[in-house]
Amino acid sequence: MFKLNFDFIRDIAPVASMGRVPFVMEVPPSVPAKTVAEFIAYAKGNPGKINLASAGTGSLTHVAGELFKMMAGVDLFHVPYRGVQVFPALLAGEAQVYFGPLISSIGYIRDAKLRALAVTTTTRSQALPDVPAVSEILPGWYGIGAPKGTPAEVIERLNKEVNATIADPKLQARFANLGVAALAGSPADFAKLIADETKKWGKVIRVANIKPD
């Protein structure tokens, strides 16, 4: 896990959010579970024997899995990989479950190389209409920030331009195909999102005792 030399909340001026990217709970075909409930039962019957893949210790894919472990009361063994190496591990059956961004997983799911058990939003994704939703607990998001101290009028102008771009039907169609939900709003809305997400994930990291490598 990288150590940042800046404080995201202190040093970055929120400009505009752009979109939410649902995470998807996915397993290889070798895992017998077809639903989240079946996976929980499978995990409870095999404590410590199921490998939870992530794109690195402390990554969002890691803390998303830790949050699931806390909520479901299951014992999964965390195995960190380097970025996209997680997919070969899943396809080979080295890892049994992964909580990954839908945007990078959707191709494997559509090709039936991985099985999606659920998306992490309150409603089903347009990109995967047959996959049930769990709840809005793990969605990632994208946005734009500027250096702290950027004049307010510049922030407002940038926000206006970003929101206008997000409203474009062609971009929204592209977002939907990738499983991204457009997320427009004001700089204040984005600042609140950052603060809320920082608080939520900070709690997960403390409870899971996640430390930098």
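The values are calculated or read from the model by the stated rules, or taken from the named source; none is laboratory data. This structure is a prediction, so every number in the text was calculated from the model and none was measured. Counting neighbours? That spans all protein chains shown, and the Cβs are built from the backbone with ideal geometry, glycine included.
Can you tell me which residues in segment 161-187 are assigned to a helix (DSSP H, G or I) and touching a residue at least 40 places away in the same chain (Cβ under 8 Å)? First the steps, then the outcome.
Residues of segment 161-187 that are assigned to a helix (DSSP H, G or I), as a first pass: 161-166, 169-178, 187.
Correct list: 162, 163, 166, 175, 176, 177, 178, 187.
For segment 32-65, which residues satisfy the criterion of being hydrophobic (A, V, I, L, M, F, W, C), touching a helix residue (DSSP H, G or I) at 6+ places or on another chain (Cβ under 7 Å) and either within 22 Å of residue 92 (Cα to Cα) or free of Cβ contacts under 8 Å to residues at least 40 places away in the same chain (or both)? Reasoning before the result, please.
Pass one, segment 32-65, residues hydrophobic (A, V, I, L, M, F, W, C): 33, 36-37, 39-41, 43, 50, 52-53, 55, 60, 63-64.
Retained after the next criterion (residues that are touching a helix residue (DSSP H, G or I) at 6+ places or on another chain (Cβ under 7 Å)): 33, 40, 50, 52-53, 55, 63.
Across segment 32-65, the qualifying residues are 33, 40, 50, 52, 53, 55.
Considering only residues that are modelled with pLDDT under 80 and under 26 Å from residue 104 (Cβ atoms), which ones fall in segment 7-25? First the steps, then the outcome.
As a first pass, look at segment 7-25 and keep what is modelled with pLDDT under 80: 7-9, 19-21.
Selection gives 8, 19, 20, 21.
If only one of 179, 185, 140 is within 23 Å of residue 17 (Cα to Cα), surrounded by 18 or more Cβ atoms within 10 Å (Cβ to Cβ) and at pLDDT 90 or above, which one is it? Give the steps one after another, and end with the answer.
Numbers: 179 fails: at pLDDT 90 or above; 140 fails: at pLDDT 90 or above.
Selected residue: 185, the only one of 179, 185, 140 that is within 23 Å of residue 17 (Cα to Cα), surrounded by 18 or more Cβ atoms within 10 Å (Cβ to Cβ) and at pLDDT 90 or above.
So residue 195 passes all but one of these: (1) part of a helix (DSSP H, G or I); (2) surrounded by 14 or more Cβ atoms within 10 Å (Cβ to Cβ). Which condition number does it fail?
So residue 195 meets the others, but not (2).
Would you list the strands (runs of 3 or more DSSP E) that sit entirely within segment 1-92 and hold 2 or more residues that are surrounded by fewer than 18 Cβ atoms within 10 Å (Cβ to Cβ)?
On the way: elements: 12-21, 23-27, 51-54, 77-80.
Counting at least 2 such residues, we get 77-80.
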